[in-house]
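Below you'll find the structure, written out as structure tokens, and then a few comments.
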Amino acid sequence: MVVPSLKLQDLIEEIRGAKTQAQEREVIQKECAHIRASFRDGDPLHRHRQLAKLLYVHMLGYPAHFGQMECLKLIASPRFSDKRMGYLGAMLLLDERQDAHLLITNSIKNDLSQGSQPVQGLALCTLSTVGSAEMCRDLATEVEKLLLQPSPYVRKKAVLTAVHMIRKVPELSNIFLPPCAQLLQERHHGILLGTITLITELCEGSPAALRHFRKVVPQLVEILRTLVTSGYSAEHSISGVSDPFLQVQILRLLRILGRNHEDSSETMNDLLAQVATNTETSRNAGNAVLLETVLTIMDIRSAAGLRVLAVNILGRFLLNSDKNIRYVALTSLLRLVQSDHSAVQRHRSTVVECLQEPDTSLSRRALELSLALVNSSNVRSMTRELQGFLESCPPDLRADCASGILLAAERFAPTKRWHIDTILHVLTTAGTHVRDDAVANLTQLIGGAQELHAYSVCRLYSALAEDISQQPLVQVAAWCIGEYGDLLLEGSCEETEPLQVEEEEVLVLLEKVLQSHMSLPATRGYALTALMKLSTRLRGDNNRIRQVVSIYGSCLDVELQQRAVEYNTLFRKYDHMRAAILEKMPLMERGGPQVDEEAEESKEARLSEAAPVPTEPQASKLLDLLDLLDGTSGDSQHPPLDPSPGGTLVHLLDLPCAPPALAPIPNVKVFEREGLQLNLSFARPSEIPALLLITATATNSSGSDVTHFVCQAAVPKSIQLQLQAPSGDTVPAQGGLPITQLLRILNPNKAPLRLKLRLTYNHFGQSVQEIFEVNNLPLETWQ
Amino acid sequence: MQFMLLFSRQGKLRLQKWYVPLSDKEKKKITRELVQTVLARKPKMCSFLEWRDLKIVYKRYASLYFCCAIEDQDNELITLEIIHRYVELLDKYFGSVCELDIIFNFEKAYFILDEFLLGGEVQETSKKNVLKAIEQADLLQEVSYKEAETPRSVLEEIGLT
């Protein structure tokens with residue numbers, strides 16, 4: 001007796017009827033057993049139905065590999081119903097990783113050459129969905145033949161199959177390039193669309209093809225013009241826009257053809273202006289076309305007026321009530337902010353408003369864009385806005401926002417005091433989200449601003465008194481109080497409200513920090529050292545401090561214990577030296593800016609095209625560009641002591657911030673021309689007296705960038721020179737990031753140092769070469 | 001387009017069209033993660049999100065999410081139009097389509113999609129032409145069923161199988 005197999009819909013019904021996962025599994029397993037048996041017995045009549053059921057359970061996540069061979073059989077069957085299901089099965093089960101995959105090649109070949117139009121359609125569809133490179137090679141000529149077939153139904157599919165083939169096997173471009181000229185004459189929208197897609201693919205794959213197709217730019221312009229000016233067509237219009245799919249594809253091709261090509265760009269100028277002004281903007285279809293138009297305008301060599309028009313369209317998008325439109329506006333503006341900075345600046349206030357968006361995808365974009373728009377003229381107001389945002393922004397944006405504000409402050413701070421205030425505010429609002437070097441930066445900044453010591457310490461003290469939980473803030477405050485405790489107690493700061501602080505209060509606060517469970521070990525270290533420094537700054541007796549220090553001598557934390565023991569020793573045995581050791585720190589020198597290679601590499605992965613698409617500036621990437629920790633060697637300055645206590649005392653002054661650079665040799669300026677300046681700074685590591693480290697820094701205060709900068713050096717034969725790779729070869733205008741390069745000079749014989757430099761670079765559109773000998777080298781460089 | 005997924009509010013997959021070669025395991029992983037990500041979005045949020053190195057465009061129609069993965073240079077807004085056009089086609093074909101139609105006739109949903117997109121690109125921008133093609137194919141299928149069925153029943157009747 002033949003058990004009639006379940007119809008597809010009945011099976012689906014049964015599966016959906018299952019109350020539990022286990023029940024469902026049971027039903028499916030039972031049915032799969034039937035299906036397997038049916039496949040084994042080879043029932044040609046119902047094969048397609050069995051496969052359909054199998055495909056359904058496959059979608060639910062169950063294994064279906066035993067159906068692969070059945071797909072083959074169905075495809076080979078003459079019946080259309082079989083083929084339809086077989087090809088569907090092939091697309092779902094037979095991707096190119098399967099062994100059975102290649103076996104369908106022959107069937108496809110037959111169907112392509114001898115099948116009816118619907119059958120040809122099925123074959124082409126399958127080929128373009130799962131066709132492997134090998135299959136594409138085998139079947140390329142078949143597809144080529146179909147390109148010239150009379151039926152538009154088949155032709156439009158053949159064209160897109162060609163696109164897939166070229167993606168898989170780029171060499172096949174040779175076959176599919178010639179027919180394009182004729183195909184472009186088509187009136188059928190489907191074929192035309194496919195052809196434009198094909199040409200786009202060909203141009204993206206080969207510069208030769210790109211050059212070849214530039215000559216069709218006028219033709220494309222005509223096609224698009226006809227589309228735009230034609231009236232309503234029931235078949236192709238969407239919301240008042242004629243075939244937006246085709247328009248967008250043509251615009252995209254025009255972008256590729258016009259990029260970096262004056263003539264082509266000029267040919268399309270008028271049309272782009274026409275599309276930009278006449279397209280319906282009330283619905284998404286029109287906006288889709290507008291978006292593509294804007295992207296094309298910005299990417300080709302378009303007239304300035306057109307570019308402004310494009311950016312203004314984006315500005316209007318920003319005000320659109322549709323969130324999606326606002327999103328693409330922000331994304332596009334972000335892409336343009338580097339190349340068309342002033343145009344985007346005009347929309348700054350709207351962008352800042354977008355920070356308030358409840359949707360985080362939008363507010364994130366708005367944040368990135370806002371940070372990119374900060375410049376020296378708007379830094380105060382922008383920072384205010386961003387700080388406001390920081391207070392209320394969602395947690396995943398906090399870190400980026402904080403880093404962004406700090407970086408912007410770093411680059412554009414109008415005054416030191418404003419800078420300190422800004423960092424302080426960020427530390428209080430989002431202290432836990434800032435990067436580790438924020439502490440070092442702030443201490444360095446404060447240290448360097450002597451006039452602001454009193455102000456800083458007063459503000460930090462107040463902030464600390466309010467809240468000891470934000471670690472970076474606590475660390476900086478502790479450091480400051482330690483260094484400038486005397487100024488704090490004088491209470492003589494004019495710029496804030498006069499603060500009356502008692503010595504006791506200060507000590508209590510620091511002790512509180514030490515004891516708090518919220519304080520990190522590093523923070524405790526800061527606090528302990530600060531206490532110690534106060535022993536010389538405060539006028540009262542030091543019993544309290546001595547007590548604390550001795551208590552921590554048995555602390556479990558090794559770091560803290562070591563410090564405490566050392567400080568204790570300082571009190572007991574070396575009290576006479578205490579004042580000298582705990583003197584105020586000298587001004588630290590910053591390390592030069594260095595490009596962070598890792599950040600560059602991760603950005604490379606995102607930028608796929610070789611074409612000069614401007615990079616998306618992100619706060620984190622900009623931050624990585626300035627690695628401010630001093631990496632060069634240099635001993636801390638300390639008074640000479642006996643070796644054994646000297647060892648531990650060196651550790652005393654090894655505070656977690658950049659060590660002061662040893663720079664007894666003054667810097668010299670060796671070259672200046674039209675705003676480009678080259679300075680040399682010197683360092684001599686004490687372990688190797690014969691070694692001199694010279695850092696050459698090239699700065700540019702002119703209005704034009706300096707590019708392709710190369711510096712070469714030569715020294716007398718008795719001296720060894722090693723030139724390390726420079727940090728870059730471009731110095732942007734107006735005080736942009738300088739280039740630094742390290743020269744290592746070994747001069748054991750103390751021969752007189754002579755240094756000849758050869759500079760080559762491009763500046764103000766001209767190439768410059770300068771060869772000269774440095775004649776103002778200080779004697780200390782070789783004596 | 002790299003792939004299109006249709007899934008319900010409970011995360012059940014209703015259609016998966018992959019235009020890039022990936023192993024079954026990878027497809028399952030991607031599907032799981034993406035479904036989770038999209039279902040976690042609040043109703044008022046925009047239709048675009050970045051996921052791995054792709055742009056995801058999604059839209060919810062009744063109880064079904066239509067989700068497309070496109071590449072960096074693709075136009076998000078036109079992808080929304082693609083999704084909308086597909087829904088219109090389904091609607092015209094099934095007559096006021098609902099999720100159940102797509103569940104019980106999933107193969108038809110695929111057939112319709114394959115007349116609208118090919119290899120991840122739009123092949124036909126006229127709604128009329130797409131529906132006409134499906135109609136013709138359905139007709140052909142009916143005919144071929146009848147051809148298949150008839151001889152067998154006759155043979156059976158006279159006892160020759």
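Some observations on this one:
- Sole residue being more than 9 Å from every other protein chain (Cβ to nearest Cβ) and either under 27 Å from A:Thr161 (Cα atoms) or assigned to a loop (DSSP other than H, G, I, E, B) (or both), chosen from A:Leu45, A:Leu103: A:Leu103
- Checking segment A:70-93 against the condition returns no match, with no residue being in a loop (DSSP other than H, G, I, E, B), within 12 Å of chain B (Cβ to nearest Cβ) and closer than 22 Å to A:Glu144 by Cα.
- Check on A:Arg36, within 13 Å of chain B (Cβ to nearest Cβ) and modelled with pLDDT of 90 or more: no
- Filter result for A:Gln50 (outside any loop (DSSP other than H, G, I, E, B), of a type outside the set (Gly, Ala, Ser) and loosely packed, with under 13 Cβ neighbours inside 10 Å): no
- Condition met for B:Leu13 (under 25 Å from A:Arg16 (Cα atoms) and within 12 Å of chain A (Cβ to nearest Cβ)): yes
- Matching option when the condition is closer than 24 Å to A:Val154 by Cα and either modelled with pLDDT of 95 or more or of a type in the set (Ser, Thr, Tyr) (or both), among A:Ser264, A:Ser230, A:Ser173: A:Ser173
- In segment A:442-464 there is no residue that is among the acidic types (Asp, Glu) and either outside any helix (DSSP H, G or I) or under 23 Å from A:His341 (Cβ atoms) (or both).
- Residues that are in contact (Cβ under 8 Å) with a residue 12 or more places away in the chain, polar (S, T, N, Q) and assigned to a helix (DSSP H, G or I), drawn from segment A:374-430: A:Thr383, A:Gln387, A:Ser403, A:Thr422, A:Thr428, A:Thr429
- Matching entry among A:Leu139, A:Leu160, A:Leu122 (being buried (at least 19 other Cβ atoms within 10 Å of the Cβ) and either within 18 Å of A:His189 (Cβ to Cβ) or polar (S, T, N, Q) (or both)): A:Leu160
- If only residues of segment B:30-58 that are surrounded by fewer than 18 Cβ atoms within 10 Å (Cβ to Cβ) and away from every other protein chain (no Cβ under 12 Å) are counted, the one that is nearest to A:Leu362 (Cα to Cα) is B:Leu39.
- Qualifying residue in segment B:59-67 (condition: modelled with pLDDT of 90 or more, touching a His at 6+ places or on another chain (Cβ under 9 Å) and within 11 Å of chain A (Cβ to nearest Cβ)): yes
- Of the helices (runs of 4 or more DSSP H) lying entirely inside segment A:106-175, those carrying at least 3 residues that are in contact with a helix residue (DSSP H, G or I) (Cβ under 8 Å, 6 or more places away or on another chain) and of a type in the set (D, E, K, R) are A:133-147, A:152-168.
- Test: residue in segment A:191-201 that is surrounded by fewer than 18 Cβ atoms within 10 Å (Cβ to Cβ), in contact with a helix residue (DSSP H, G or I) (Cβ under 6 Å, 6 or more places away or on another chain) and more than 9 Å from chain B (Cβ to nearest Cβ): no
- Total residues in segment A:260-295, condition among the charged types (D, E, K, R), under 22 Å from A:Phe245 (Cβ atoms) and either crowded, with 19+ Cβ neighbours inside 10 Å or out of contact with any helix residue (DSSP H, G or I) (no Cβ under 6 Å at 6 or more places or on another chain) (or both): 2
- Checked against the criteria, A:Thr695 does not count as closer than 24 Å to A:Glu410 by Cβ, without any contact (Cβ under 8 Å) to a residue 40 or more places away in the chain and in contact with a Ser or Thr (Cβ under 7 Å, 6 or more places away or on another chain).
- Any chance A:Thr281 is away from chain B (no Cβ under 11 Å) and closer than 14 Å to A:Val228 by Cα: yes
- Residues being within 20 Å of A:Leu202 (Cα to Cα) and within 10 Å of chain B (Cβ to nearest Cβ) - total across segment A:227-253: 7
- Scanning segment B:81-116 for residues that are within 12 Å of chain A (Cβ to nearest Cβ) and acidic (Asp, Glu) yields B:Glu81, B:Glu88, B:Glu99, B:Asp101, B:Glu107, B:Asp114, B:Glu115.
- The criterion of being in contact with a strand residue (DSSP E or B) (Cβ under 8 Å, 6 or more places away or on another chain) and within 8 Å of chain A (Cβ to nearest Cβ) does not hold for B:Ile78.
- Residue, nearest to the other protein chains (Cβ to nearest Cβ), within segment A:371-382, restricted to residues that are crowded, with 22+ Cβ neighbours inside 10 Å and touching a helix residue (DSSP H, G or I) at 6+ places or on another chain (Cβ under 6 Å): A:Leu371
- Among the residues of this structure, A:Thr760 does not count as one that is at pLDDT 85 or above, surrounded by 13 or more Cβ atoms within 10 Å (Cβ to Cβ) and in contact with a Pro (Cβ under 8 Å, 6 or more places away or on another chain).
- Residue count for segment A:218-257, restricted to those that are in contact with a Lys or Arg (Cβ under 7 Å, 6 or more places away or on another chain) and assigned to a helix (DSSP H, G or I): 1
- Pair list, Cβ < 8 Å and 6+ apart or interchain, from segment A:177-194 residues that are of a type in the set (Val, Ile, Thr) to residues that are not in a loop (DSSP other than H, G, I, E, B): A:Ile191/A:Pro152; A:Ile191/A:Arg155; A:Ile191/A:Lys156; A:Ile191/A:Val159; A:Ile191/A:Leu183
- Selection of strands (runs of 3 or more DSSP E) fully inside segment A:675-756 by the criterion of at least 3 residues being surrounded by fewer than 14 Cβ atoms within 10 Å (Cβ to Cβ) and at pLDDT 85 or above returns A:706-714.
- Test: residue in segment A:206-226 that is closer than 26 Å to B:Val57 by Cβ, surrounded by 15 or more Cβ atoms within 10 Å (Cβ to Cβ) and within 14 Å of chain B (Cβ to nearest Cβ): no
The values are calculated or read from the model by the stated rules, or taken from the named source; none is laboratory data. Since this is a predicted model, take the numbers as computed values, not measurements. Positions of Cβ are backbone-derived with ideal geometry, glycine not excepted, and every protein chain shown enters the neighbour counts.
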